[in-house]
Amino acid sequence: MSSAKDIALLPDARPLTTLAYADALDVLFKPGWTVMLVDMVLHEVTRSQTPTSARLAAWAASARVPALPTKTFVHYRKPATETPASSSRHFGELAIQETMNEFALKVPPKTGVFLFEDHKIARASFMVPDNCRKVSTRAFLIFLEQKGLIESATDIERRAIHAGSAFSTLRFPAYV
């Protein structure tokens, strides 16, 4: 029987910045899962000075959130002369997908929950192994509210928007 600590929560950059805007990064720990960042996502949210970059760097350090190394980040850091021209867009998602694939190869497989906020990832084309799940920020907040782990998902969403976040408008039908 596995425990909550056996589940790894892997947030993408957008959910991190949304929760930072709402001053609610602590909700990532509410289910009792192990929160992890892939190196590429940590780089994405801290490489440039933004309204949330310093807060995210300080949070990751103070909460001792492990940064998982990926081949994707190694590729990203290579000089342009060593790699064919390619956009670094979506490298965070690629690094998370790489990590989830590694989770699937572990014995026993490790469960990963990919927290996203990008409409493109919601489509079926972003495949995850059977031992992993993809969950939108909004769905995660609603889950926490339903479990009684937070008072209001809507309050966190409003705080993020009020503070300047371009929180995703992605919503799923009630019957899903």
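The values are calculated or read from the model by the stated rules, or taken from the named source; none is laboratory data. These numbers come from a predicted model, not from an experiment. So basically every Cβ, Gly included, is an ideal-geometry build from the backbone, and we count neighbours across all protein chains shown.
Here are the numbers for this structure:
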| item | result |
| --- | --- |
| Tally, over segment 50-73, of residues that are outside any helix (DSSP H, G or I) and either touching a helix residue (DSSP H, G or I) at 6+ places or on another chain (Cβ under 8 Å) or of a type in the set (Asp, Glu) (or both) | 9 |
| Complete set of residues in segment 43-55 that are within 23 Å of His75 (Cβ to Cβ) and buried (at least 19 other Cβ atoms within 10 Å of the Cβ) | His43, Glu44, Val45, Thr46 |
| Segment 7-50: number of residues that are of a type in the set (Lys, Arg) and within 10 Å of the chain's Cα centre (by Cα) | 1 |
| Members of segment 88-123 that are assigned to a helix (DSSP H, G or I), among the β-branched types (Val, Ile, Thr) and modelled with pLDDT of 90 or more | Ile96, Thr99 |
| Every pair of residues 6+ apart whose Cβ atoms lie under 7 Å, when the first sits in segment 126-146 and is over 20 Å from His90 (Cβ atoms) and of a type in the set (Asp, Glu) while the second is surrounded by fewer than 19 Cβ atoms within 10 Å (Cβ to Cβ) and modelled with pLDDT of 90 or more | Glu145/Ser152 |
| Inter-residue pairs, beta-carbon under 7 Å, first farther than 16 Å from Arg47 by Cα and modelled with pLDDT of 85 or more and in segment 65-87, second crowded, with 16+ Cβ neighbours inside 10 Å and among the hydroxyl-bearing types (Ser, Thr, Tyr), 6+ apart | Leu68/Thr99; Thr70/Thr99 |
